[in-house]
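Before any comments, here is the structure.
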Amino acid sequence: MARGATIGKTIALLILVLILILGGMLWFDYLGVINAKKMFAPLYRLMGLQVQTSETNAHADTDLIANLDEDRLAKRLESLNIYAEELNKREQDIAAQEAENSQIAQKLEEMRLALEEREKTFNNEVKKYDDRNVNIEQNAKNLNSMRPSDAVEILNAMDDQDVIDTLRKVEEMAQAAGKLSQVSNWLSMMPPDRVALLQRKMTNKPVSIQ
């Protein structure tokens, strides 16, 4: 009787030890100290739990890495899109600035051509004035060297403005030389109505550049 009780206790202790061993293995497997998932896979499936094997962990890690790569790729694509928009904006700004600069350059070129044309016209007028002064001075010299009657005949054939400019030049040359001019003598020999017209024009227009 006593022997049977001892055997029963021994069996019970063995079962308890076995339970403790299995429980310890489950605990250490949970803590990651040992890997006993394959051993307890039937028990996990019986309890409706998924066994976390190295393959499932690797698959989860692969999915996580893939998701991270997708996130990085999406961020890079977003950054590239933003950079492309900035480049397009810069290109548009540069194109607008170039168009504005082109318009300014065109206006400056038109202004330059206009100034050149004005300068050319002014130079031509100055040259004409200088040439006319040379001709008037030469005419005055020629008339001074002629007989008064011949000089008056030539003056009568000239335009009013040419006569006025020539008479003024004769007066100027006489004053510069300290001599009496022939102007009053010539006017006395010209028709009175022509003399009156010339004197009226000389009074209304004291200086001429024509």
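Please treat every number below as a calculation from the coordinates, not as lab data. Small disclaimer: the values here were computed from a predicted structure and weren't measured. For neighbour counting, all protein chains shown are included, and Cβ atoms are generated from backbone atoms with ideal geometry for every residue, glycine included.
At Gln106 and Met158, where each label point lies 7 Å from the Cα along Cα→Cβ, what is the point-to-point distance in nanometres?
5.2
Rounded if a/c is under 1.5, else prolate if a/b is larger than b/c, else oblate: which is the range 102-171, with a ≥ b ≥ c the root eigenvalues of its Cα gyration tensor?
Judged from the Cα gyration tensor, the range 102-171 comes out prolate (a/c at least 1.5, a/b above b/c).
Give me the orientation-averaged projected area of the Cα convex hull of the range 126-204, in nm², one decimal.
Average of the hull's projected areas for the range 126-204 equals 5.4 nm².
Going toward the positive end of the dipole of the range 61-210, with +1 on Lys and Arg Cβ and -1 on Asp and Glu Cβ, which of Met190, Ala114, Leu87 do you reach last?
It is Met190.
Over 25 Å between Cα atoms: which of Lys128/Lys169; Lys127/Lys179; Lys107/Lys128; Lys120/Lys201; Lys107/Lys127; Lys120/Lys141 fall into that group?
Where the Cα-Cα span goes over 25 Å, the pairs concerned are Lys127/Lys179; Lys107/Lys128; Lys120/Lys201; Lys107/Lys127; Lys120/Lys141.
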